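J.: One structure, as structure tokens, below. Some questions next.
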Amino acid sequence: MEKRIQLKSKKKEMTLLQAIERVVELSEDSKMSSEFMKKAKTEIQLLAKSFGITERQAVLFCVCMEKGPHRVDYHDIADHLDMNKISVLSYASDIDALVRRRLLKYRDVKDEDDFDVPTVVIRSLKHNEVYELPQLKGLDCAAMFEVLNLWFEDLNDDAISCNELCEELQTLFKDNPQVGFVQHLKEYCLSPNDQMMTTLFCHRLVNHDDDDIRFGDIEDLFDGIGSFNRAKGELRNGEHKLQKKKIIEHRCVDGLADVTRYKLTESAKRTLLAEMKINEAEEKLADMLDSSKLTEKKLYFPKDIQRQLEDLESFLQPDNFRKVQERMKEKGFRYGFAYLFYGSPGTGKTETVYQLARQTGRNIMVVDVPQLKSMWVGQSEKNVKGLFDRYREQVKRAKLTPILLFNEADAIDCHHQPAGEYG
């Protein structure tokens with residue numbers, strides 16, 4: 001959030017950068033003397049008032065702008081002000097205050113001797129605007145995830161520690177009880193650290209379209225290698241609290257769980273991210289049809305086709321289907337099946353699938369191919385991949401493996417995804 005400000009001296013209007021330039025000029029070799037503070041009083045007070053900081057902090061910020069804006073340290077400040085390093089270290093609390101105000105950021109929270117002026121602050125100054133801290137109360141869900149994006153970037157850049165982030169998140173959630181994400185997160189009864197991990201998963205999906213989380217992505221959430229290794233062990237074995245609460249799960253690759261990759265469960269997505277409509281696009285791609293509600297219709301085919309359909313119906317009966325799958329697993333084969341119905345329009349291909357589903361008690365996920373083609377061209381593979389993730393979720397929930405039906409399958413190239421993996 002930014003606001004434009006017009007600074008005025010007695011003689012003429014002055015921009016923020018002009019005020020900073022004047023303070024830099026007068027502060028050189030000044031030893032932060034009272035004489036200097038008096039001479040630069042107009043500019044210092046204008047900057048302090050604009051940014052909501054003290055006059056001394058305003059001077060230090062100007063020096064950091066001059067000596068940086070990247071890789072500034074206490075030696076640079078001492079050199080500019082002509083002070084010894086010990087004296088400059090007494091300004092550490094002021095540097096901390098500028099970091100909290102987000103006018104500076106530490107390059108590494110484990111070593112607070114180096115700091116930068118954030119790019120967003122510099123960008124605002126170029127337009128004679130004051131960089132304002134994001135509003136943290138009265139947010140809607142979208143605004144909250146904008147804040148989360150900034151904070152997780154800070155964590156990734158080592159500008160904030162995991163413990164500091166955890167505390168910030170708790171305050172953010174407390175100040176925004178009206179957000180559905182916060183309400184549902186609270187219902188899981190998680191520890192602050194587990195809330196932080198859940199929030200990371202949601203942030204990555206919402207802000208980066210990333211639903212494939214690996215150990216390297218969560219390492220920064222732990223303050224030591226011991227706690228990180230314990231969490232990895234629990235995750236590998238499916239014993240982590242977020243797994244027990246059905247919030248996250250192993251990713252599935254070729255029918256097998258990959259114990260190094262994790263994703264939000266479909267139920268967690270629909271609950272925690274309902275306001276973000278994260279599954280809306282996927283839902284447009286496919287509808288789930290209840291086999292028990294399909295109307296019985298009598299279809300007539302030549303004897304050879306009818307015999308093939310009868311064999312297929314027998315194969316799709318639960319007992320036969322399970323036995324064949326078990327034999328394929330024992331041989332190390334993939335145990336899904338794909339069937340191609342072909343023929344001229346109006347010959348009953350789709351209706352045949354409906355009747356097979358009705359007779360065998362299997363629900364059908366019917367894919368809208370025009371929607372799928374549009375999404376394939378206009379968005380990333382990850383979005384299309386979401387369709388298959390949704391199908392896998394239905395497989396887990398269903399007593400009988402549902403049928404995934406692509407109408408007019410010749411209109412798309414489906415080799416990127418194992419559509420026949422489960423049935």
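The values are calculated or read from the model by the stated rules, or taken from the named source; none is laboratory data. Bear in mind that the values here come from a model prediction, so they are computed numbers and not experimental data. Methodologically, a virtual Cβ is constructed for each residue, glycine included, from the backbone with ideal geometry; neighbour enumeration extends over all protein chains shown. SASA here: full protein model, heavy atoms, side chains in, ligands and nucleic acids out. Shrake-Rupley method; radii C 1.70, N 1.55, O 1.52, S 1.80 Å.
J.: So which trypsin sites (Lys or Arg not before Pro) in region 37-100 are both in a DSSP loop and have at most 11 other Cβ atoms within 10 Å of their Cβ?
T.: Sparse-neighbourhood loop trypsin sites (Lys or Arg not before Pro): Arg71.
J.: Would you please give the residues with an amide H less than 5 Å from that of Leu289, counting only those at least 5 places away or on a separate chain, with H modeled from the backbone geometry?
T.: Counting only residues 5 or more places away or on other chains, the set is Ile364, Met365, Val366.
J.: So what's Rg/Rh here for region 189-321, counting alpha carbon atoms and using the Kirkwood radius for Rh?
T.: 1.17
J.: Quick check on the chain: of the DSSP beta bridges with both residues there, what percent are antiparallel, nearest 5%?
T.: About 85 percent, rounded to the nearest 5.
J.: Continuing with this model, one more query. For region 100-159, just say rounded, prolate or oblate: build the C-alpha gyration tensor, square-root its eigenvalues into a ≥ b ≥ c, call rounded for a/c under 1.5, and beyond that prolate if a/b exceeds b/c, oblate if not.
T.: oblate
J.: Just need the Rg to Rh number for region 28-137, please, alpha carbons only, Kirkwood Rh.
T.: Using Cα coordinates only, the ratio equals 0.95.
J.: Hey, another quick one. For a test of the definition: using alpha carbon positions, the gyration tensor, and the 1.5 limit on a/c, classify region 109-244 as rounded, prolate or oblate.
T.: Verdict is oblate for region 109-244.
J.: Please list Met196, Met32 from largest to smallest accessible area, probe radius 1.4 Å, with all protein chains kept in place.
T.: Largest accessible area first, the list is Met32, Met196.
J.: I've got another one for you. Using only DSSP helix segments of four residues or longer, with each worth -39500 (n - 2.57), what per-residue ellipticity at 222 nm results for the chain after dividing by its residue count and rounding to 500?
T.: -16000 deg cm²/dmol
J.: How much solvent-accessible surface does Met65 expose, in Å² to the nearest 10, with a 1.4 Å probe and all protein chains in place?
T.: Looks like 40 Å² after rounding.
J.: How much accessible area per residue does the chain have, in Å², with a 1.4 Å probe?
T.: Value for the chain: 55 Å² per residue.
J.: Ignoring everything but the protein chains, give the 1.4 Å probe accessible area of Phe201 in square angstrom, nearest 10.
T.: Rounded to the nearest 10, that gives 10 Å².
J.: Which of (i) 22; (ii) 42; (iii) 31 is the computed percent of Cα pairs over 39 Å apart for the structure on display?
T.: (ii)
J.: Accessible area of His70, 1.4 Å probe, to the nearest 10 Å²?
T.: Per-residue accessible area (His70): approximately 100 Å².
J.: A follow-up question, please. Run the simple label-point estimate for His75 and Gln135 please: 7 Å along Cα→C-beta, distance reported in nm.
T.: Inter-label distance under the simple model: 4.5 nm.
J.: Rank these by accessible area, largest first, 1.4 Å probe: Arg230, Arg107.
T.: The ordering from most to least exposed comes out as Arg230, Arg107.
J.: Can I ask one more? So for the chain, averaging the separation of alpha carbon pairs under 8 Å that are six or more residues apart and normalising by length, what relative contact order in percent results?
T.: So the answer I get is 11 percent.
J.: Could you work out what % of the accessible surface of the chain is carbon and sulfur, using a 1.4 angstrom probe and leaving DNA, RNA and ligands out of the count?
T.: Roughly 48 percent of what the probe reaches on the chain is carbon or sulfur.
J.: Counting only residues 5 or more places away or on other chains, whose amide H sits under 5 Å from the amide H of Asp223 once H atoms are built in the peptide plane?
T.: none
J.: Using 1/(1 + (r/R0)^6) with R0 = 41 angstrom and r between the beta carbons of Arg230 and Arg270, what's the FRET efficiency to the nearest 0.05?
T.: The computed FRET efficiency comes out at 0.85.
J.: Given 0.36 nm per residue, what is the gain on full extension from Val259 to Met328 after removing their alpha carbon distance, in nm?
T.: Additional length available on full extension: 22.6 nm.
J.: Next question, about the same structure. How much length would be gained if the chain were fully extended between Ser344 and Phe315, taking 0.36 nm per residue of separation minus their Cα-Cα distance, in nm to one decimal?
T.: Taking Ser344 through Phe315 to full extension adds about 7.9 nm, to one decimal.
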